[in-house]
Structure formats: C-alpha cells, structure tokens
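Everything below concerns the one structure shown next.
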Amino acid sequence: MMKIFLLLCLIATSSLAQTTDLKEVKITTRKKAIERKIDRTVVNVDGLINVAGTNAFELLRRLPGLRVTEEGTINLMAKGATVYIDGKLTYLSGADLMSYLKTMGTDQLDKVELIPNPPARYDAAGSGGVINILTKKANRRGSIPV
C-alpha cells in the first residue's frame, strides 16, 4: 500500500513540473550611498534618495560630519573646510560660495569626497579638511575629455 502511494506521488509531481527557458536575465545594482575609505568618506549622489531635485548647498547640509550655516560657513569634523570642485580649489568663500553651490543641481554631481585629514596633494594653506565635489562628465562628440 505504501509503495503504491509513493508511486502515485512521484507520478503526480513529475506531471506538474514544467520547464521554462529564459531568454534574458538582467541584474542591476546601485552604488552604495556612502563609502568609507582609509582617508576619506565618499558620498555617491546617485545613491541618495532624499536629494533629488535639490542643489549642492542643500546636499552639503545633509551630509554626515558637515555643518553648514546660512552665512556659507562650512565645517568638517568641527574644523574649517576648503572646497574643491573636480580637484581644483575654489577661491570663493562665505556668501559667494553659498550662491555658487545653490546654482549647482544635484543631478550634475557624481560624488562628494569628505577628507578630514587631506594628503599633501591638496593645498597646505587650509587648516581643516577638504570637501571635493566631483561633477558628472558629459561625453560629447568632438570634445576631448580632460
């Protein structure tokens, strides 16, 4: 009796099983929102959900370890900070820097690097950390990438 029951179960399961061939499988991933490296914290702007439609000034106000005032003073880890854009020093400060950052949309930004103890390649005149804002590079035909 037990053998007949097992045989019927085996036949029933084999007739119900179907195979389907997949034509395409697409796997997508997203960058981590915040990456910790040895000397810096890298914030991937595309990984942040709550900054869509805002500007670079508002983005900096929401980043961990940064304190941004309405007057344009930026402190990184309770020390002053120098702002670089694409690895180049911006000679703006205070209200001018705040106005410039408000004109940059977050859709133009790729990453923000927060470096509390900058290496020698950055200007030694600054007493605090470095904020390096990296923009997205547009690949246009006929242009030479720098």
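The values are calculated or read from the model by the stated rules, or taken from the named source; none is laboratory data. Small disclaimer: the values here were computed from a predicted structure and weren't measured. Positions of Cβ are generated from backbone atoms using ideal geometry, with glycine treated the same way; all protein chains shown enter the neighbour counts. We work out accessible area using only protein heavy atoms, side chains counted, and drop any ligands, DNA or RNA first. Shrake-Rupley method; radii C 1.70, N 1.55, O 1.52, S 1.80 Å.
Relative contact order of the range 61-129: what whole-number percent is it, with Cα pairs under 8 angstrom and at least 6 residues apart?
Computed value for the range 61-129: 35 percent relative contact order.
Count charges around Val43 for me, please; just the other residues with Cβ under 12 Å from its Cβ, Lys/Arg as +1, Asp/Glu as -1.
Once positives and negatives cancel, what remains is +3.
For Glu58, tell me the accessible area in Å² from a 1.4 Å probe, rounded to the nearest 10.
Counting only protein heavy atoms, the figure is 60 Å².
Step through the residues of the range 86-92 one at a time and calculate ³J(HN,Hα) from phi using the Karplus curve (6.51 cos²θ - 1.76 cosθ + 1.60, θ = phi - 60°), rounding each to whole Hz and writing x for Gly and Pro.
6, x, 10, 5, 9, 8, 9
In terms of the Cα gyration tensor, with a ≥ b ≥ c the square roots of its eigenvalues, is the range 27-127 rounded because a/c is under 1.5, prolate because a/b exceeds b/c, or oblate?
Verdict is oblate for the range 27-127.
Which of the chymotrypsin sites (Phe, Trp or Tyr not before Pro) found in the range 25-97 are loop residues per DSSP with 12 or fewer other Cβ atoms within 10 Å of their Cβ?
Those satisfying the criteria are Tyr91.
Along the Cα→Cβ direction, 7 angstrom out, place labels at Glu70 and Tyr100. What is the inter-label distance in nm?
In this crude spin-label approximation the distance works out to 2.3 nm.
With +1 on the Cβ of every Lys and Arg and -1 on the Cβ of every Asp and Glu, and nothing else charged, how large is the dipole of the range 26-100 about its Cα centre, in debye rounded to the nearest 20? Please report the intermediate quantities before stating the final value.
Details: 12 positive and 8 negative charges, 107 e Å.
Once rounded to the nearest 20, the dipole reads 520 debye.
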